[in-house]
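Read through the structure below, which is laid out as C-alpha cells, and then see the notes.
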Amino acid sequence: MSDAHIVELETLRRQLEQLHELFAAVIDETRPTPDNPHVMPWPELLSKFNVLAGKYAILSHTVGKKHASLLKELAVVPQTQPNGIHEQNIMSVLLRTKLAPEIEKEEENIWAQVESEAQQDQHHELLAVTAMGSFNSLRKAHADRVQQLLADALESKPVEPLAAPSETEAEATDKPVSLEDILAFTSSGKLT
C-alpha cells in the first residue's frame, strides 16, 4: 500500500473519530441528568442533529465516491477487542455482509408484491385497451346507423318549406324568456 493511500485512510479515520465523538457529545447533552433534569429545547436539538447529519453525509460521500476502489481492496479490523456486549453487538452489525434473515424475508415479500401489482397493472391496461377498442367500434357502428337512418328518412319524406311566422309569433319570440319559464318548459314532460 502506498503512502498516499495511508494518508487518505488516516484522514478518513480522523473524520470518523470526530463524527463518533460528536455523536457521543450530542447523546450526553440530550440525556437528562440529576443536575439538569430538563430536556434540550427542540430548536437546539434540531440544530445539533443537522450538524450531525451534515458531517455524516460528507463522510459517507467521501467514502462512497472517492475511496470506494481503495476500500474494496482492504479488510478492516478493529485495533482492540470490544469490551462489552453492546460493543460486540455493534461490531457484529457493522461487519455483517448480508441482511438479517427477517429483513431478507420482508424484502422478498415486498418484491413479490411489486411483481404481482405489476402483472395486475398490465392486465388492467390490456382490459382498458380492449374496452376502448370495443367502445370505438360500437360508436362508429352507431354513428353509421344513425347516418343511414337520417338518409333513409330524408329520401322517403320530402322537406316542406317553413311558413313565415305570424305577427303574434314574431312578438312572442322577441320578448326575453325567464329562467323559471325555461325550467317549467323542460320539466313539463315529453314533446310530441
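No value in this document is a laboratory result; all are computed from the given coordinates. Worth saying up front: this structure is predicted, and the values here are computed from it rather than measured.
A simple rule links phi to the HN-Hα coupling: the Karplus curve 6.51 cos²θ - 1.76 cosθ + 1.60 with θ = phi - 60°, which for the stretch 48-63 gives 5, 5, 4, 5, 4, 4, x, 5, 5, 4, 5, 5, 4, 5, 4, 5 Hz, with x for Gly and Pro. The stretch 2-60 and the stretch 134-157 have Cα centres lying 78 Å from one another.
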